[in-house]
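Every number in this text was worked out from the coordinates using simple rules, so none of it is lab data. Just so you know, these numbers come straight off a predicted model, no measurement behind them. Here Cβ is always computed from backbone atoms with ideal geometry, including for glycine, and neighbour counts include all displayed protein chains.
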Ligand code: ADP
């Protein structure tokens, strides 16, 4: 369906380009033809009037000869111009098709990305909905459903609803990360400190200690976006770390860039999975994280998109069972 739509668009755009090229070429040919005909006519008229011609040749014979040559030259000119226009048409059509494909490529990629996003989102929504539906149907068919069973069923459904709500929030956040943010000087260590304070109670529930080594760094950014990125990275570090471990937060400046680093002693990520963790809906090692740690696989893709909008990037290093380090890099503020 999409290919058909784009094929039609390529052809329409090609037709427009060809029409423009041919209009220019035909106008140019017409002008050239008129100009050449005028010059030829003038030349032959001069010959008829002033010669030179052999002695004894009648002026009428010269006129007839000149008219004959003029017709011949005009015919050749027309043939040459038609051939030229046919070549322009063939080359123009090929070039126009190439140009149309180039013009449409970013649009096609955007539509493709949109399609993949919708497909991924509906796939993710379908799983919890199917689970809820099955549970409710089984519950309704059970004539002897006790009050305790009903409460268990409702609790399980509530968990799925909470998961769905989180998913909807994540999807919304992903679509709202537009890249027209106005970048202003932000103190990275202040944002990191605020996020650490906010997530401290969560860390305490797992007896995780958050250590802060925050050097002053003024970066070019947006406070809300930086808060969200740091929040996602620290929340993950807490989620994927066993109780009683340590998480270290660092901010520092190096080679004209500002860095925020979060280092945990958590479960780590396998080298084969590391390249995928920033993909939408990707969750490493399904059996381990999907069943035990709540999440929807959207956090890191949102964080990376926000970082890119600030002209920055997040990178991850990890060793399974030893821990992970996530580093956000942004430009330092020119005033900083
Ligand atoms: P979610 O945490 O909701 O699953 P994310 O996009 O935040 O989604 O993370 C994607 C995956 O990357 C997680 O499912 C997890 O497997 C892995 N991950 C992210 N952060 C860490 C971390 N600090 N330690 C270990 N694994 C992590």
ask   = Using the beta-carbon distance between residue 224 and residue 109 and R0 = 25 Å, what value does 1/(1 + (r/R0)^6) give for FRET efficiency, to the nearest 0.05?
value = 0.30
inquiry  = What is the angle, in °, between the Cα long axis of helix 299-309 and the longest principal axis of the Cα atoms in the chain? Nearest 10 is fine, range 0 to 90.
reply    = 40 degrees
task = Measure nothing fancy, just the Cα-based angle from helix 223-239's long axis to the longest principal axis of the chain, in degrees from 0 to 90, nearest 10.
result = 50 degrees
query = Along its principal axes, what span do the Cα atoms of the range 212-336 show, with the longest given first and each in whole Å?
reply = 48, 29, 23
inquiry  = Cut-off 10 angstrom, C-alpha nodes, Gaussian network model of the chain. Which of 251, 205, 325 fluctuates the most?
reply    = 205
query = Quick one: what Rg and Dmax do you get for the chain from the alpha carbons, in Å?
reply = 36.7, 130
ask   = Based on the Kirkwood radius over alpha-carbon pairs, what value in µm²/s does the Stokes-Einstein equation return for the translational diffusion coefficient of the range 103-166 at 4 °C and 1.567 mPa s?
value = 91 µm²/s
inquiry  = Based on alpha-carbon centroids, what's the gap between the range 114-163 and the range 211-257 in Å, whole number please?
reply    = 36 Å
ask   = Dividing the Cα radius of gyration by the Kirkwood radius, what Rg/Rh value follows for the range 161-287?
value = 0.97
ask   = Relative to the longest principal axis of the chain, what angle (0 to 90°, nearest 10) does the C-alpha long axis of helix 188-205 take?
value = 40 degrees
message = Per residue, how big is the convex hull of the range 76-233 when only Cα atoms are used? Give it in Å³.
response = 210 Å³
remark   = With Cα springs under 10 Å, the Gaussian network model of the chain assigns the largest mean-square fluctuation among 176, 49, 220 to 49
task = Based on a Kirkwood Rh over C-alpha pairs, give the Stokes-Einstein translational diffusion coefficient of the range 1-96 at 37 °C and viscosity 0.692 mPa s in µm²/s.
result = 198 µm²/s
query = Of 271, 284, 307, which has the largest mean-square fluctuation in a 10 Å C-alpha GNM of the chain?
reply = 271
message = Using alpha carbons only, how many angstrom separate the centre of the range 59-101 from the centre of the range 169-206?
response = 69 Å
inquiry  = Let me check against my output: what whole-number percent is the relative contact order of the chain, with C-alpha pairs under 8 Å and at least 6 apart?
reply    = 15 percent
